[in-house]
Every structure is written in C-alpha cells, then in structure tokens.
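Inspection log for the structure reproduced underneath, given as structure tokens.
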Amino acid sequence: MSDFLALTLAEARDGLYRRDFTARELADAYIEAMAAARALNAYCAETPERALAMAAAADQALAAGNAGPLAGIPLGIKDLFCTKDVLSQASSRILEGFKPRYESTVTANLWRDGAVMLGKTAMDEFAMGSSTETAVTGPVTNPWRGEGSNKNLVPGGSSGGSSAAVAAKIALGATGTDTGGSIRQPAAFTGTVGIKPTYGRCSRWGIIAFASSLDQAGPIARTVRDAAILLKSMAGHDPKDSTSINAPVPDFEAALSGDIRGLKVGIPKEYHTTQMPAEIEALWQQGIAWLKDAGAKIVDVSLPHTQYALATYYIVAPAEASSNLARYDGVRYGLRVNNGGGLHDMYAKTRAAGFGKEVKRRILIGTYVLSAGYYDAYYLKAQQVRTLIARDFAEAFKKVDVLLTPTAPSSAFGIGETTDPIAMYLNDVFTVPASLAGLPAMSLPAGLDKAGLPLGLQLIGKVLDEETVIKVGGVIERAAGFAAQPKPWWRS
Amino acid sequence: MSIDLATVRRIAHLARIDIDDAALAPMAGELNQILSWVEQLAQVNTDGVPPLTSVVDAELPRRADVVTDGGYPQDVLANAPRAEHGFFAVPKVIE
Amino acid sequence: MAKLIEGATGRWEVVIGMEVHAQVSSNAKLFSGASATYGAEPNSQVSFVDAAMPGMLPVINEECIRQAVRTGLALGAEINLYSVFDRKNYFYADLPQGYQISQFKHPIVGHGRVTIEVEGESREVGITRLHLEQDAGKSLHDQHPSLTYVDLNRSGVALMEIVSEPDMRSSEEAGAYLKKLRTILRYIGSCDGNMEEGSMRADVNVSVRRPGEPLGTRCEIKNVNSVRFLQQAIEYEARRQIDIIEDGGKIDQETRLFDAAKGETRSMRSKEEAHDYRYFPDPDLLPLKLAQAWVDEVAKTLPELPDAKRDRFVADLGLTPYNASVLVAEKESAAYFEAVLAELTAVSGKPAREVATQVANWVAGDLFGALNKAGKSIENSPVSAHNFAQLQKLMVDGQISGRIAKEVFEHMLATGDEPAKIVAEKGLVQVSDSAAIAAIIDEVLAENADKVAEYRSGKDKLFGFFVGQVMKKTQGKANPQLVNEALKAKLAG
C-alpha cells in the first residue's frame, strides 16, 4: 500500500479483512502522521504504545477470524471521554493529571469492536465553545487555510481536535460530543462528516458531563459511510445511563441505499436569516436542488420558535453545567490549590485557578439563573420555551421525513478573531434547535466558499431515525462530490 | 434585570470561584450582556406550557437491589490530591 | 392538651416539628450498586458513582422506591404516582457531587399521619411529606490537627426524609412521635431504626409562642440521634427562646447543634450563611412514575401495624390497653408474645383469650423486667418463645404453681434450659396426690393442736398459717387448690 492515510475507514476496514495489510502497518502510518502534525495541536495526549498493542490484538483477531467490525481502525478520542489509565481532562486544568480507573461506555464499545486508540483530542474546555481555542493544551489549528492565505483558522468546536485530526488524516475517524453543535459545527469547518445521534442513542456513562440533558456522543469521519460505521459501534442501550434509550441499533451503513425517491424533505423558513452569507444560502439552495434531482419532495415548513433556541440553550446548558461542574473541588481528583486557608478557601482558589474564563462565565450564569428569585424567570422559562421548540419539530415531522439546513452561519474563522462571547455563541444558531429537541442531525461537507474553505449542510431527522439522515446524507455526498482536501502545510 | 458587583460576588461565592475585586466589574459586564440577550425569552408566551426536563420519553429505569459495585478503595483514592489512611484528606473548615 | 411552660412573664407554648432522616433498609445504595451496610473500612463501599468521578451517572435502586412507598402507606399517606428527583446544590467535603439528589417539588409521598400517645391520651401528628434522597459521606475532624478526613462509605446511601407538621407541643410528644415513627418503620422493615449507627436522625424545629398567637421564629436543631437527647434539646431550646424573648430580644432563625455533654444547644455558624440550594430537576434521571396497581400490590406486603395490633390485643384477647401498648412497642416483643400465645393455645387446647392475659403479664412483666435488668433485648433473650410457652403450659396444666413457675423461670434465664428439664432436675413437680397432701395436713394439724383449737373457736385468719405450714413441708410443691380444699374439710373436722 502506498498511502494508508488516503483510505477511508470503510476501505481500510475492508483491506484489513482481506489481509491486504496489517493493523500494525496502518497504526504505524497513523502514529507517524500524528507525530508529524503536532503543529495542529489536535491531540492533547498521544498513546502510540497503546495503539500498537491494540493493533497487535486486532491483527491476531483478524488472523483468527474473530475480529470485530472496527478491527485495527485507528481513532482519535475526544478528551471528554474517560479512558482508563489515560489522561482524561476535558482539556481543563482542573482535571490536571486525572487518569480515570474506568472506561466510558462509548469508547469501550469501540474497543470491543477492535478499534485502536491513537490518543486524546483537544477540545474547548469542558466542551464549552465553538472554536477549540480554550483547551488547556492551547488552541487547535484547522488543517484548512484560505486560498493563498497563511492565516491559522479554528477547527470549530468544541470537538475541534477530533475534526482537525480527521481532516488532517491523522485519525481515520474520531469521537466527538455535541451539546449544542459541538460535532456538527467543527465537521462543517473542516470538511468532515459529523453525526449527533438522537439523545439517548449513545451512552453518556464515562463522558465528562457538560449539560446532561443535551450531551450526546457521535462520530466525526471522512465520509457518511465512515460515520455510519462508527455510530453503529458507539451506539447502544446502557443500563448505567438512566437516559439511554432501550432500542435496537440498526445497521446504519445499510441505510445508504441512495434511494430517496418520494422522501419528503422539509426546508424550515426560519433558518433563512438576514445575517446569513449569500454563499451559504446558495449552497443550501444547491442542496435542495440535489435532493429534488434525486426524487425527493421539497416541503416548506415552519419552526416558529427557532429564533429563541440560542437564548434557551444559553440558560439551560449553563444551569446544568454549574451543577455538573461542582464536583471539581480539589478533593478527590485533579487540581488542588491550597494556600493554607480552610476548606472553602481551597474550593474557591482551586476552581478559580482550574477553570478558564468561558467555563467560569457559564458556571456563574448557570448559578445565577438557578438562584432563588430567578429560577422561574430564567430556568423555568427556558425549559418551557424548550417544550415549544420540541413541539415545532414534532409538528414539522408530521409533514416531512427529514429537514435540510446549513450547519453554521460561516466558514472557519481566524484563531483569536472572535472574542465576544455572544458572537461566539451565534455559531450554534442552526445546530442548537435539534439539540434542544434531542433529534439526530448530521453535518456533511457540500462545497467550498470563495476563500476555498469547506461549508456544511445539516440534516435533521426524527427521533431514532438516524437512518433517514444517513441515507439522505449519502445522496448529498454523492451529488456534491466533495473532493477538496487541505494542503498538508503542517507536516514537519 | 441587571447584576451589580455584590451580586457577582454572591454568585461567585455560591459557585466557589474566587474572583479578584478588579475582575468583578468586567465579569458583571459580561454577565449582564449575556443576561440581557437571553431575556428575549420574555417575549414568548409560555402560559400553560410544561417545562421540558428530558427529551427521553421512557420510564425511569431501575436497578435491582444487589451489591454489584464498590470494594476498590485504591481506585477511588487513586487520583486524590491528598489521601491518608484510606481517607481523602482536605483542609479543615475555618469558620 | 398542650403543656405550657411557665415563664417570668406568663405561660408559653412550645411548637415542635420534625424532619426525620431514616436510612432505607437496602443492600445497595440509592443510585449505585455499592453496599449500604454500616461499619466497613473507609472508602471500601464506594463506587465511582458515589465518589462523583467525572462522567458517572445515577441509576435508581428499585427496592428504595418500594420501601418509600411501603412507608408512605404505613403512615396512611398519599402515594404520589409522579415524583421527580432534584439536585440540591451546595459544597461540602463529604458531598462529592457538589449536590445531593433529593426530591423537592414532587416528593414520592404526600400527606399522612402518625398517632401518638402521651400520658394516656392519644393525638395525631400530621406528616407533610416523605421523600427519597442521598446520604452524604462522613467527615472526621479529630484525626489530624489541620486536616479533615473524608470517608464516602455512606455517600449515596438511601434516606427517607419524613417531615412532620409542627403539631407537637411538648418534648414528651416529640419523643413519643420519634419512638412511634421508629416502631412503624421497624414493623414494616423499611428502616432498622438503629439510632446509634445513625440509621435514624432527627432535625427538630422548635419555636415558642403565647397560647393562641401565631407561630414564633423557629430554630432547627440538627442531627439529634436519640429520644433522650431529643427531649433534652427541646427543653433546653424552648427555655432559651423564652428567656431571650422575655428579656426583650428576638429569636434568629438559625441552625443549632445539640451538645449532649453539656445538655445545651448552640449555634452552628457564627454568621449564618445564606442558603441558596438552586434546586432543579436532575437531568441525569427521568421522572419516577408509579402505577396504582403496583402500589396496591405493595400495600399487600404490609404487616399488621402497631396500632392495629394493639387494638386487636385489647378487643380480641382481652389484654389491658397498657399491656397491649407495651407488647406492641417493639416489633420483636409483639412477635415473641404472639409466638408464645400461639404455641400455648396449640399445646394446651385452651382458647387464646383465656390464657392471653396470663401470658401478657408474664411477658410484659417478668420477662421484660428480667431482660431490662440484664441489659438484653428480646432478640437475645435467654428464654426462647418455645421454652416460655412450655413454662406457661406447665402452669396452665397445673403441673407447677405460679410460685414454682417463677423459680423455674429464674433457672431458665440463667441456663436457657427447657422448663420441663429444670422441673425434673430440681424435683419441682407439683404434688397433686390427695392422699399425700392429706397426710401432710394431718401432720401439720397434729403439730399445731393449739392453733387448730383457736381456729375452730372462730379465728379464721389462721387458715393462711396452716396453708403456709403445708407449703413449707412440701417446699411449695403442693397443689395450692388441693391444699385449700383438703385443709378446709379437715379443719371443719
């Protein structure tokens, strides 16, 4: 094999099964590429020894004929997943040195199926962000650059280490988590495919919590098929997570029939915002045309409370975060700052030193909206609006099978360019509504903007209907024929 | 509603996050910016609308009353910044 | 009857409400699979969930739900078919999550009641609610000069918080309420009621007012762990509040601790911290929905409750209300009494009502008295219910007299032996042979001819003397009834 890195996950899987090459060879290629791409800062912890050990096990299983569906596939794992005896810090200083003595359910599922861990990918601290600039290990750089530009761009966030790693071909696939768009927006920014499945499809057990009612794991990969293969392994009912859905996991890859004739695709009118750049609007129209050409029926639908989704999200998510992050207190793990004061002084000093600016901001907002006298006006109100947003989707899905929208209101922006918190929050304007309603959604690359940067389209499906999302995604992927790749400027 | 410095101090104390006096005012500014932005929700009529607390429409799963976990104090304490004699050790509360 | 307290400026009424934390009897914790038993090595009964490791999630223990519902039913309370688990947020070293999972707006059990008896009068104490929540870990402050040690073995253990209405008006009523609650929980087995091990703790709200006036400001006394301390704490606290008000001061609403060594309450914090628990529904859990049919099934598992049992003892067995109350106060003593009675009726063929009073007197009097003296509980009584029933049978059959029975009982207490064995070994079988008794009577009359003459000339009181002499000669073994009859006949001569 001349270039292992060029293979998609599906191709690599098939090659390994055919014994065209070994998992060891594949792992070596990725370990080398990962080490050569440190300029991107995508990995916050590399685990080459573990990768080689897992590759060896995969080779044995392949030889013995009892290999799992992901045998020998090298993956990057977002730092939000707890991985046994491997640093798991949510890219935060407060979890300095934390090596869990347990393995998250989702990663355990991947290892069960034979996948190989290359390392942990950096992220916005505690998954709070859309640019992966707040990782304690420093910002991650998008492999993509504008045509003729040397400017470093963000890979999106919070799963920016994962999206950058997949785009730079230093992982064959990666895990992400999505609370308000943290899989889909980075996928859009890096020309990769990201799926946020139905809330409850993937177990949250062992994933460091940000906002429990919204957090959901999913894959980032190079193709829709690759993402479908990964999702199949990641998903599944978990009795250890009370919000895990007890439903069979379909063969998502088999959903890629390419046949969408007669399928009804909804176009939510509220997503046509005045601020949306013309080229994104144009790409959306292009997507509509592709689906029409493939035999789908286009239906205009209304999601009237869309404009309130972001504000709702920025109450609900910080409220839950303020409580979820209370456990980082310097008592049982991670950072402790103790200047000889008492217990409460240790708490306040530890948390002041351990959390970054955005995390603190959200903890404080969350604490405020839950505090006595404000609960009804903010938190309760937001949860009521959330009901209305979910109802909007339920109404729309009476008429259509899937929704098509842009993923993000812009392409990747420069590192350090967005300093205003609300401007940063606006990145999630198209992804947050599906998160609030717990619906499956996918971003896939559909074209480039005039600067040569990738743009994504988003498909939103009915509860537990990832299959339709994947099927329609496959059709767009084929029609778009997205083949652009970032130039490997980062290779050392 | 606007947050003053005393409120920031109170919230920061509730959240156990030390904030320098100098940082209070900028933080109050940021929080107020965010709060005034989210206050747009007041425009939405939510009379009689139940709050959504979980998007999962299922029964609360229950575990059987069987001891299946624990018994690994070394793992529980493995990451502790300070542990002594099998206990977590923390500074005393100073009143 | 409200019991009023005399102050310097008049009479005061004390108003008491209570929040009792009762540990649910379960093998595992409320939301994890770690053991809930008491007294293990530090941090050895802790799962990653209980230690609030990152990414850990709660899954509820079905037994804790069932026991909370049973307890609600036993308190005559409404069972809420829809309840919600909330997070109560605050920081403390032994609260690893930084919040306690509890139930705030929608508890699993609503209004109920407990009937208490004080000085022969009964009254009802309202139950406001019962909810499930997690216990915290344990902080040890006295093991190191500058450090607190934290053990999370209790972290996540299931508690029922049972909240009463402010319906109690004296420390006696408060004590009676706590005892009664404990009895009920132990009857149904939802809590072992072990106050020394902390299975039951009470937070007591105390306020004082002039009779008829609105409620005064209350103070909460935290974590009282015995009935005696509870009563001392209330009495001290009521007097403290009365003194403050009578001196022109006012009561600060605050949390206080009872110092058992000094017998006084003191403020827990120099400056009371503003509590703002920021309750909100735990997004890691779904609402708890119960089916009425399931609740009905659970109701069938309830045993006879102490009030019903006491009423039945009085009505069906003819016991005195006092004996009945004493017997039902502990589940085990009621069970012992019933076991003895059942065996006795079976082996003697006598109806229960005929022998119940005798058995009740013996159990409530002789047995409890002896156990008390020995510092033993009924569960480790040296006299088994079977042996006790055998002893009663010997009496009922007339094989031994009551006096001999007491002697046999003493031996049973000391040795745990069967009564028949003791009677045989000590030769205590009652003499019921009329000829033998007649011979002894003849002896006695012959030896006391002067007294016989006195008797026959009208000194009836000497009859007892003759009985005593006969008993003395038989070492008390003569059947008293036969002695009486034979003596009367002979003396009548």
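The values are calculated or read from the model by the stated rules, or taken from the named source; none is laboratory data. Keep in mind it's a predicted model, so treat the numbers as computed, not measured. In this analysis, Cβ positions are derived from the backbone assuming ideal geometry, glycine residues included, and neighbour counts consider all displayed protein chains.
Which residues, counting only those in the range C:225-241, are touching a strand residue (DSSP E or B) at 6+ places or on another chain (Cβ under 8 Å) and surrounded by fewer than 22 Cβ atoms within 10 Å (Cβ to Cβ)? Quick ask: steps written out before the conclusion?
The initial filter retains those residues of the range C:225-241 that are touching a strand residue (DSSP E or B) at 6+ places or on another chain (Cβ under 8 Å), namely C:225, C:229-230, C:232-234, C:236-241.
Hits for the range C:225-241 are C:Asn225, C:Phe229, C:Gln232, C:Tyr236, C:Arg239, C:Arg240.
Counting only residues that are touching a residue at least 12 places away in the same chain (Cβ under 8 Å) and farther than 22 Å from B:Leu52 by Cβ, give me the strands (runs of 3 or more DSSP E) lying completely in the range C:81-133 with at least 3 of them. Don't jump to the end; show me each part of the working.
Numbers: elements: C:86-89, C:99-102, C:112-118.
Counting at least 3 such residues, we get C:112-118.
Within the range A:11-28, track down each residue that is surrounded by fewer than 20 Cβ atoms within 10 Å (Cβ to Cβ) and assigned to a helix (DSSP H, G or I).
Step one: filter the range A:11-28 for residues surrounded by fewer than 20 Cβ atoms within 10 Å (Cβ to Cβ), giving A:11, A:14-15, A:17-22, A:24-25, A:28.
Correct list: A:Glu11, A:Asp14, A:Gly15, A:Tyr17, A:Arg24, A:Glu25, A:Asp28.
Which of the residues spanning the range B:36-46 are part of a helix (DSSP H, G or I) and either more than 7 Å from every other protein chain (Cβ to nearest Cβ) or among the basic types (Lys, Arg) (or both)? I'd like the intermediate steps shown before the answer.
If we filter the range B:36-46 for residues that are part of a helix (DSSP H, G or I), which is where we start, we get B:36-43.
Correct list: B:Ser36, B:Glu39, B:Ala42, B:Gln43.
For the range C:28-51, give me each residue that is at positive phi and buried (at least 24 other Cβ atoms within 10 Å of the Cβ).
Just the residues of the range C:28-51 that are at positive phi, to begin with: C:39, C:43.
The one that is at positive phi and buried (at least 24 other Cβ atoms within 10 Å of the Cβ): C:Asn43.
Go through the range C:163-179 and give me each residue that's in a loop (DSSP other than H, G, I, E, B) and crowded, with 22+ Cβ neighbours inside 10 Å.
Step one: of the range C:163-179, the residues in a loop (DSSP other than H, G, I, E, B) are C:165-167, C:169-170.
Correct list: C:Ser170 only.
Cβ contacts < 6 Å: first residue of a type in the set (Lys, Arg), restricted to the range A:369-384; second residue crowded, with 16+ Cβ neighbours inside 10 Å, any location; separation 6+ or different chain. Result?
Pairs found: A:Lys381/B:Leu41.
Take the range B:18-73 and flag every residue that is out of contact with any strand residue (DSSP E or B) (no Cβ under 9 Å at 6 or more places or on another chain), closer than 30 Å to C:Asp50 by Cα and of a type in the set (D, E, K, R).
Across the range B:18-73, the qualifying residues are B:Asp18, B:Asp57.
Filter the range A:321-353 down to the residues that are surrounded by fewer than 23 Cβ atoms within 10 Å (Cβ to Cβ), assigned to a helix (DSSP H, G or I) and in contact (Cβ under 8 Å) with a residue 12 or more places away in the chain, then identify the one that is nearest to the other protein chains (Cβ to nearest Cβ).
Residue satisfying both the conditions and the ranking: A:Ala352.
Among the residues of the range A:422-449, count how many are buried (at least 24 other Cβ atoms within 10 Å of the Cβ), out of contact with any Ser or Thr (no Cβ under 6 Å at 6 or more places or on another chain) and of a type in the set (Phe, Trp, Tyr).
0
Cβ-Cβ under 9 Å, sequence separation 6+ or interchain: first residue in the range A:177-190 and on the phi < 0 side of the Ramachandran plot and buried (at least 24 other Cβ atoms within 10 Å of the Cβ), partner part of a strand (DSSP E or B) and of a type in the set (Phe, Trp, Tyr). Which pairs?
From the range A:177-190, the pairs are A:Thr177/A:Phe81.
If you scan the range C:17-57, which residues turn out to be over 20 Å from B:Leu77 (Cα atoms) and facing another protein chain (nearest Cβ under 8 Å)?
C:Ser26, C:Asn27, C:Ala28
Regarding A:Tyr368, is this residue crowded, with 24+ Cβ neighbours inside 10 Å, among the hydroxyl-bearing types (Ser, Thr, Tyr) and more than 8 Å from every other protein chain (Cβ to nearest Cβ)?
no
So if I check each of B:Leu24, B:Leu5, which one is surrounded by fewer than 16 Cβ atoms within 10 Å (Cβ to Cβ), touching a residue at least 12 places away in the same chain (Cβ under 8 Å) and more than 7 Å from chain A (Cβ to nearest Cβ)? Working first, answer last.
Values: B:Leu24 fails: surrounded by fewer than 16 Cβ atoms within 10 Å (Cβ to Cβ).
So the residue among B:Leu24, B:Leu5 that is surrounded by fewer than 16 Cβ atoms within 10 Å (Cβ to Cβ), touching a residue at least 12 places away in the same chain (Cβ under 8 Å) and more than 7 Å from chain A (Cβ to nearest Cβ) is B:Leu5.
Listed here are the residues, each with its yes/no results for (1) over 21 Å from C:Val204 (Cα atoms); (2) surrounded by fewer than 21 Cβ atoms within 10 Å (Cβ to Cβ); (3) in contact with an Asp or Glu (Cβ under 8 Å, 6 or more places away or on another chain); (4) within 14 Å of chain B (Cβ to nearest Cβ).
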{"position": "C:Val109", "(1), (2), (3), (4)": "no, no, yes, no"}
{"position": "C:Arg113", "(1), (2), (3), (4)": "no, yes, yes, no"}
{"position": "C:His144", "(1), (2), (3), (4)": "yes, yes, yes, yes"}
{"position": "C:Tyr149", "(1), (2), (3), (4)": "yes, no, yes, yes"}
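Which of the residues that make up the range B:64-83 are assigned to a strand (DSSP E or B) and either among the polar types (S, T, N, Q) or at the interface with another protein chain (Cβ under 7 Å from one of its Cβ atoms) (or both)? First the steps, then the outcome.
Applying the first criterion (assigned to a strand (DSSP E or B)) to the range B:64-83 yields B:69, B:83.
If the condition is that a residue be assigned to a strand (DSSP E or B) and either among the polar types (S, T, N, Q) or at the interface with another protein chain (Cβ under 7 Å from one of its Cβ atoms) (or both), then B:Asp69 is the only one that fits.
Hey, does the range C:154-162 have a residue that's more than 30 Å from B:Ala80 (Cα to Cα), small (Gly, Ala, Ser), assigned by TED's automatic domain parsing to the domain that holds C:Tyr279 and surrounded by 19 or more Cβ atoms within 10 Å (Cβ to Cβ)? Please lay out each step first, then the result.
Applying the first criterion (more than 30 Å from B:Ala80 (Cα to Cα)) to the range C:154-162 yields C:160-162.
Next cut, small (Gly, Ala, Ser) only: none.
No: the range C:154-162 contains no residue that is more than 30 Å from B:Ala80 (Cα to Cα), small (Gly, Ala, Ser), assigned by TED's automatic domain parsing to the domain that holds C:Tyr279 and surrounded by 19 or more Cβ atoms within 10 Å (Cβ to Cβ).
Table: residues versus (1) within 14 Å of chain B (Cβ to nearest Cβ); (2) within 21 Å of A:Asp178 (Cα to Cα); (3) within 17 Å of the chain's Cα centre (by Cα); (4) touching a residue at least 60 places away in the same chain (Cβ under 8 Å).
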residue: A:Asp79; (1), (2), (3), (4): no, yes, yes, yes
residue: A:Ser92; (1), (2), (3), (4): yes, yes, no, yes
residue: A:Ala115; (1), (2), (3), (4): no, no, no, yes
residue: A:Thr121; (1), (2), (3), (4): no, yes, yes, yes
residue: A:Trp144; (1), (2), (3), (4): no, no, no, yes
residue: A:Glu147; (1), (2), (3), (4): no, no, no, yes
residue: A:Gly156; (1), (2), (3), (4): no, yes, yes, yes
residue: A:Ser163; (1), (2), (3), (4): no, yes, yes, no
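Restricting to the range A:149-174, give me the number of residues that are out of contact with any Leu (no Cβ under 7 Å at 6 or more places or on another chain) and either part of a strand (DSSP E or B) or surrounded by 24 or more Cβ atoms within 10 Å (Cβ to Cβ) (or both).
Residues in the range A:149-174 being out of contact with any Leu (no Cβ under 7 Å at 6 or more places or on another chain) and either part of a strand (DSSP E or B) or surrounded by 24 or more Cβ atoms within 10 Å (Cβ to Cβ) (or both): 15 in total.
Which of the following residues is more than 11 Å from every other protein chain (Cβ to nearest Cβ) and part of a helix (DSSP H, G or I): A:Lys381, A:Lys360, A:Lys398?
Testing whether each residue is more than 11 Å from every other protein chain (Cβ to nearest Cβ) and part of a helix (DSSP H, G or I) leaves just A:Lys398.
So which of A:Ser203, A:Ser213, A:Ser242 is part of a loop (DSSP other than H, G, I, E, B), surrounded by 24 or more Cβ atoms within 10 Å (Cβ to Cβ) and touching a Leu at 6+ places or on another chain (Cβ under 6 Å)? Break it down into steps so the answer makes sense when it comes.
On the way: A:Ser203 fails: touching a Leu at 6+ places or on another chain (Cβ under 6 Å); A:Ser213 fails: touching a Leu at 6+ places or on another chain (Cβ under 6 Å).
Exactly one residue qualifies, and that residue is A:Ser242.
Considering C:Ala315, C:Ala291, C:Ala374, which residue is surrounded by fewer than 14 Cβ atoms within 10 Å (Cβ to Cβ) and within 30 Å of C:Met56 (Cα to Cα)?
Values: C:Ala315 fails: within 30 Å of C:Met56 (Cα to Cα); C:Ala374 fails: within 30 Å of C:Met56 (Cα to Cα).
Checking each option against the conditions leaves just C:Ala291.
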